[in-house]
Ligand code: HEM
């Protein structure tokens, strides 16, 4: 099996994906695209891989395919390793408290608390993000990749995450230090440290400023939508979701725009381009390249059957490069329209912060482009 997959690389000499970098490399994507053509439901080392757009979309919307905490045979994925380690340490809660891995009503209840709080904040976010971005960009040389990285790409999504959660702005370093990878910690250490950081603010129930922590905490008090044991893990999960994906995507976008200054100028000349550009970057870079589901019964999909109890990895990145849906999928076209990508997922687990993430990217890239001559 491995041998067959390795061959794919040499079969794809003509595939030019110039801008895909760390989160999803050329080789991995080339393999997935080969599977997309030849073996759309592919058995690989103990789980299925699904790669065609139509199948990916159908799988994400199929309620028989549920999201569960990772099984031990998926130790290859760093996030999976981290979560497994945390669960193993028996930290006073078990996996049923992570809403992302639960079914309704728990999943729907916690999601509702997050969604309602984000909707409450949304009308003011564009202006808030603009002031954060301007303040950061003013202090740095926007022509210099390193200062952009240190002075903008690192702090911006971290400050935003702190604001969304209702943490003091200066706590942004928590996010960057823990999840930005500077200290070289593995992700499980980072998750545990975020947990211990959040323990303190969450202990001040009743005096929490407005934000996600307050909304989740109220959810425990008022309607018992969230169990006490669920408060901390779901706050950590939110912190991770809010920061990591946005940081990775922003990094890719800035890198691309610095290397393609004509595109930067295009955004500056016509700010309407930025919302299309963000959709295209989300599609092309597909920073969340996979999600996984467990089958609760035999499900016919991709020309085969995912049997009850089997796991399927859903390749969002491959779906977002499916030539059946996207013309010239390996080209970045800043005005691509329509662009029905699945970079934010789909179905019950559709990214709860999709609107916030989009706004973050649109505002930050527009602010950056304005500073280019
Ligand atoms: C901008 C880049 C982002 C990308 C590409 C992204 C991508 C995704 C994807 C693909 C999922 C679905 C995972 C699955 O189906 O298993 C997801 C879920 C989630 N995202 Fe995002 N996300 C981004 C930003 C954000 C932001 C800004 C927040 C918070 C404000 C956030 C919070 C979450 C949460 C809490 C979930 C779990 C939802 C659930 O299980 O119901 N994400 N994200």
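What follows draws every value from the coordinates through simple rules; no lab data is involved. Just so we're clear, the structure is a prediction, and the values are computed from it rather than from any experiment. Note: ideal-geometry Cβ built from the backbone for every residue, glycine included; neighbour counts use all protein chains shown.
Each Cα pair under 8 Å and six or more residues apart adds its separation to the average, and for segment 233-357 the resulting relative contact order is 25 percent. With R₀ set to 51 Å, the beta-carbon distance separating residue 307 from residue 204 gives a calculated FRET efficiency near 0.60.
Can you tell me the FRET efficiency between residue 298 and residue 189 if r is taken as the Cβ-Cβ distance and R0 is 35 Å, rounded to the nearest 0.05?
Numbers: r = 39 Å, r/R0 = 1.13.
Step by step, r from the Cβ atoms, then E = 0.35.
Fewest-first ordering of 254, 110 by other beta carbons within 10 Å of each residue's beta carbon gives 254, 110. Label sites at residue 122 and residue 333, each approximated as a point 7 angstrom past Cα along Cα to Cβ, lie 2.8 nm apart.
Inter-label distance, residue 149 to residue 196: 2.9 nm, where each label sits 7 Å from its Cα along the C-beta direction. Residue separation of residue 64 and residue 259 scaled by 0.36 nm, minus their Cα-Cα distance, works out to 65.8 nm of gained length. Between residue 43 and residue 140, the simple spin-label model (points 7 angstrom out along Cα→Cβ) gives 4.9 nm. Per-residue extension of 0.36 nm, minus the Cα-Cα distance of residue 27 and residue 96, leaves a gain of 21.3 nm for this segment.
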